[in-house]
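A short worksheet on the structure shown next.
The values are calculated or read from the model by the stated rules, or taken from the named source; none is laboratory data. Model, not experiment: these values are computed from the prediction. Virtual Cβ from ideal backbone geometry, glycine too; neighbours counted across all protein chains shown. Areas reflect the complete protein model, heavy atoms only, side chains present, ligands, DNA and RNA absent. Shrake-Rupley method; radii C 1.70, N 1.55, O 1.52, S 1.80 Å.
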Amino acid sequence: MSWLFLILLIIFQHGFSEARVFFMVIKILEVILVIDLMTFIFAIIKEKIDLPMFRSHYHEDDDIKIRVDEGKLMKVRYRLYLDGEKKIKDKGGYLHIEDKSPRRIKIKKIVISYTSLFHFFYLRRSKKTEMHIDIYPLAKKCDLSVCYKVVEDDTSDKKGQDYSEIVGFHKADIGDDLRYVHIPLSAKKGEYMIKEGAAFSRHVYHYKMHDDTKEAIIDDLAKIEYLVKNFITKDHETLYIEAEKNFKIKDIDGLIYLFDHYYTRYL
């Protein structure tokens, strides 16, 4: 459009050679043209072909959209090519993914269109990529009855135990944790005295995965997510996942690792 406007002005200028206003406008446009070219070349050199993403995983009820980087000194538009050659175009600064079914969306190629600041120049680039977006299922409400529980005895020697129930003391020995020194008693005895915490029981829950179908895997993952977020992390328990490969989950990082395993291989 900018080039068309410039050509029309040149045509008019030749028809009205005496009109200085056309001459001045064309000279101004020539200056703008040079500036546009220089800034465009600079911006292209500095620009990285990449897709800025909010995060690599979403849930079914999320508004699944990826922010598009507008770039500097030029306008940038993205187009994604997914498995099956499906295209997703940039609309209003975001790439929207309409199908929210639980799965892994593999991005095969990114095509980026660059337009210069004053729209005189245009460039298109493409890049193959291994990027992906995971859409997790909604957490499925359940309780710990879907697991079987193992009760294990342990000793209160973990970091963060407040030793509210002290059952005794002993002289410091090699291997003792000096964080549990009883300071008043040590001062009185003239040697380090270590607190002895009461033994406690902890629960370890076991969940058996059903790896036979995609639907069964998604159902299991939805239940496991609910269990981890509502019981395991809150109560500082452990959830063992029994499958072709066993997993031990104590926190959200362990949950994401489990999802990544199944999404990479099955979804």
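Restricted to region 186-230, and to residues that are touching a strand residue (DSSP E or B) at 6+ places or on another chain (Cβ under 9 Å) and among the polar types (S, T, N, Q), which residue is modelled with the lowest pLDDT?
By that ranking, first place goes to SER201.
Condition check: of a type in the set (Ser, Thr, Tyr) and surrounded by 15 or more Cβ atoms within 10 Å (Cβ to Cβ). Does TYR266 satisfy that? Don't jump to the end; show me each part of the working.
Values: of a type in the set (Ser, Thr, Tyr): yes; surrounded by 15 or more Cβ atoms within 10 Å (Cβ to Cβ): no.
For TYR266, the condition - of a type in the set (Ser, Thr, Tyr) and surrounded by 15 or more Cβ atoms within 10 Å (Cβ to Cβ) - is not met.
When both residues are 6+ apart or on different chains and their Cβ atoms are under 7 Å apart, which pairs have a first residue that lies in region 127-149 and is of a type in the set (S, T, N, Q), and a second that is open to solvent by less than 60 Å² (accessible area, probe 1.4 Å)?
THR129/ILE107; THR129/ILE110
Starting from region 233-261, take each residue that is under 20 Å from ARG104 (Cα atoms) and list its partners that are modelled with pLDDT of 90 or more and among the small types (Gly, Ala, Ser), counting only C-beta distances under 6 angstrom and pairs at least six apart or across chains.
none
Being under 22 Å from GLU60 (Cβ atoms), open to solvent by 40 Å² or more (accessible area, probe 1.4 Å) and in contact (Cβ under 8 Å) with a residue 24 or more places away in the chain is the filter here, so list the residues in region 206-219 that pass it.
Once the filter is applied, which keeps residues that are under 22 Å from GLU60 (Cβ atoms), open to solvent by 40 Å² or more (accessible area, probe 1.4 Å) and in contact (Cβ under 8 Å) with a residue 24 or more places away in the chain, region 206-219 yields ASP211, LYS214, ASP219.
Can you run down the residue pairs with Cβ atoms below 9 Å, 6 or more apart or on separate chains, where the first is in region 13-40 and over 30 Å from GLU70 (Cα atoms) and the partner is open to solvent by less than 100 Å² (accessible area, probe 1.4 Å) and modelled with pLDDT of 65 or more?
GLN13/PHE23; GLN13/VAL25; GLN13/ILE26; SER17/PHE23
Only one of (1) modelled with pLDDT of 85 or more; (2) outside any helix (DSSP H, G or I); (3) not small (Gly, Ala, Ser) fails for PHE42. Which number is that?
Evaluating PHE42 over (1) modelled with pLDDT of 85 or more; (2) outside any helix (DSSP H, G or I); (3) not small (Gly, Ala, Ser) leaves (2) as the failure.
Could you please give the count of residues in region 109-147 that are of a type outside the set (D, E, K, R), modelled with pLDDT under 85 and loosely packed, with under 13 Cβ neighbours inside 10 Å?
0
Give the residues of region 220-259 that are in a helix (DSSP H, G or I) and either exposed (fewer than 15 other Cβ atoms within 10 Å of the Cβ) or polar (S, T, N, Q) (or both), sorted by residue number.
So the first thing to find is which residues in region 220-259 are in a helix (DSSP H, G or I), and the list is 220-235, 252-259.
Result: LYS229, ASN230, THR233, LYS234, ASP235, ILE252, ASP253, TYR257.
So, of the residues in region 71-108 that are open to solvent by 50 Å² or more (accessible area, probe 1.4 Å) and in a loop (DSSP other than H, G, I, E, B), which turns out to be nearest to LYS128 (Cα to Cα)?
LYS86
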